[in-house]
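Working notes for the structure below.
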Amino acid sequence: MITRRQSLKHLLAASTTMSLLPSFSLAQVTQSHYALTASLANHQLGPNDAPSTPCWLYNETSPGPLITAMKGDNLKVEFINHLPEPTTIHWHGIRIDNAMDGVAGVTQPPIPSGGSFTYSFTVKDSGSFWYHSHNKSWEQVARGLYGGLVVKDSPDELGSDDLFLIADDWRLDENFAIHEDSFGALHDAAHAGRFGNWLTINGKSQPDITVPSHRYLRLRLCNTANARPLHFAFSDWQTMQVVALDGALCQPFEVTNIRLAPAQRADLLIKINDRPLTLNEVSHPDGLVVARLIPEPSLNTAPPKVSLPLNPQPWYPLPQLDEARIIPIHMQGGAMGNLGGAMHGGRMHSLRELASEQGKIWAFNGIVGGPHERLAELSQGEVVVLRIWNDSRWEHAMHLHGHHFWVASREFGHSPRAVLRDTYLMAPDERADLIFIADNPGKWLFHCHMMEHHAAGMVGVIEVT
Ligand SMILES: [Cu+2]
């Protein structure tokens, strides 16, 4: 049972998230017990004089309430589904018990309309994570079913100088309603996925965010778009330190811009002086203001809490590869690709047939993927290399459930950088090794997080026993 005091905390935490007040101070009290309800609710995505948008939301807020826990806590979330269709919740990036991973049809049956489910799991890693629907996610996430999740090392984390910013790319019509006719469009699945036309930060368009002046600010940026990679830079290309990727602390490095694929997170440290800074999306031809950071001297009276993590220890070191299991994954398909046909349902189909009759257009190793297509069976403790070749004309954000992997990332300029992450953005024709220790038993999805690609065949299961 949830006590009245805890319920109040949820409400307050939710309203703090919504209004983008500078402080998450209420969330500093560790909460390990939450209640989430998914339902239809309106949200003001547009300007104040625009119509509000009918969405599907957690606790009627966009994003859903920021969930926090302390590292090592047992996090319990009592979930009720008031949507008109089944759903589940996936806890993205958490190295979780398989039964709690929230993948409909793989780790649990979908939770029916009117049904409920209690998620309960230990959070063993601190960092910036998120949660989202994992049933028809190409539609349910696009309607608003996601929120942030922070696992803290210290109660000091989060506050006026440590903010979780969720960026989303909504596809709205001229009445600010979600564009429903294009859900499931084959054109999106065959190209870059469903791109939107309305960018929000924590559910608001171009918000002003008050921050302490003359301080380092920790920004936890998260891209929850269906498919669009977002490319961020501050005004005057101000430098920032990347201190964590996909939740995991990394050796800090300096950048002037950062591109985040769908589902990726980056924790950034940036120095705030006394001038406002704009956060811009720079892949837009004219640049697009995403948010403004407004320094407020009255907020820097408390001692600073944010500092550069020196020499952070990775969750686990890059493993020895002498006896690694190598799993080749040849990814083909999409528009302008070289996939002529693929196996689906036990027989060969032409790509034309797959696309027009099944809405499938992507394959791993010549087989259209699905939640029951097994890519590998691994023994617990094995060192594994997913040897991926993106043999297509499109980028893909490859996500492995239940594990973080090491990758020589080419996401930060020409020279590769060894990073531990849960989602890797692969360029067309790129080859990459995703290296991990298969230490978490269960059936784990491996898929493209561009949700239309996932729905059209870029998905398989890796089973660890
Ligand atoms: Cu993809």
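The values are calculated or read from the model by the stated rules, or taken from the named source; none is laboratory data. Since we're looking at a predicted model, the values are computed, not measured. Cβ: placed from backbone, ideal geometry, glycine included. Neighbour counts: every protein chain shown.
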**Item:** Scope region 51-63; condition under 21 Å from residue 180 (Cβ atoms) and in a strand (DSSP E or B); matching residues
**Value:** 53, 54, 55, 56, 57, 58
**Request:** Six or more apart or on different chains, Cβ under 8 Å: which pairs go from a residue in region 182-201 that's over 19 Å from residue 261 (Cβ atoms) to one that's within 16 Å of the ligand (Cβ to nearest atom) and among the aliphatic types (A, V, I, L, M)? Could you list them?
**Result:** 183/142; 184/455; 186/355; 186/361; 186/456
**Prompt:** Hey, any hits in region 193-211 for a residue that's crowded, with 22+ Cβ neighbours inside 10 Å, outside the structural domain of residue 287 (by TED's automatic domain parsing), farther than 23 Å from residue 82 by Cβ and not basic (Lys, Arg)?
**Reply:** no
**Request:** Answer yes or no as to whether residue 42 is surrounded by fewer than 18 Cβ atoms within 10 Å (Cβ to Cβ), outside the structural domain of residue 406 (by TED's automatic domain parsing) and at pLDDT 95 or above.
**Result:** yes
**Complete:** Taking region 435-454 and the residues there that are touching a Lys or Arg at 6+ places or on another chain (Cβ under 9 Å) and surrounded by fewer than 24 Cβ atoms within 10 Å (Cβ to Cβ), the one that is nearest to residue 351 (Cα to Cα) would be 443
**Item:** Pair list, Cβ under 7 Å, 6 or more apart: region 212-240 residue in the same structural domain as residue 147 (by TED's automatic domain parsing), other residue at pLDDT 95 or above and away from the ligand (no atom under 16 Å from the Cβ)
**Value:** none
**Request:** Give the number of residues within region 228-246 that are polar (S, T, N, Q), over 18 Å from residue 294 (Cβ atoms) and surrounded by 15 or more Cβ atoms within 10 Å (Cβ to Cβ).
**Result:** 1
**Item:** Meets criteria (touching a residue at least 60 places away in the same chain (Cβ under 8 Å) and under 16 Å from the mean Cα position of the chain (by Cα)) for residue 54
**Value:** no
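One line per residue, one yes/no per condition, for (1) assigned to a strand (DSSP E or B); (2) within 16 Å of the ligand (Cβ to nearest atom):
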| residue | (1), (2) |
| --- | --- |
| 386 | yes, yes |
| 402 | no, no |
| 408 | yes, no |
| 425 | yes, yes |
| 428 | no, yes |
| 440 | no, no |
| 446 | yes, yes |
| 454 | no, yes |
| 457 | no, yes |
**Prompt:** What are the residues in region 303-328 that are within 20 Å of residue 160 (Cβ to Cβ) and either surrounded by 15 or more Cβ atoms within 10 Å (Cβ to Cβ) or in contact (Cβ under 8 Å) with a residue 24 or more places away in the chain (or both), if any?
**Reply:** 304, 305, 306, 307, 308, 309
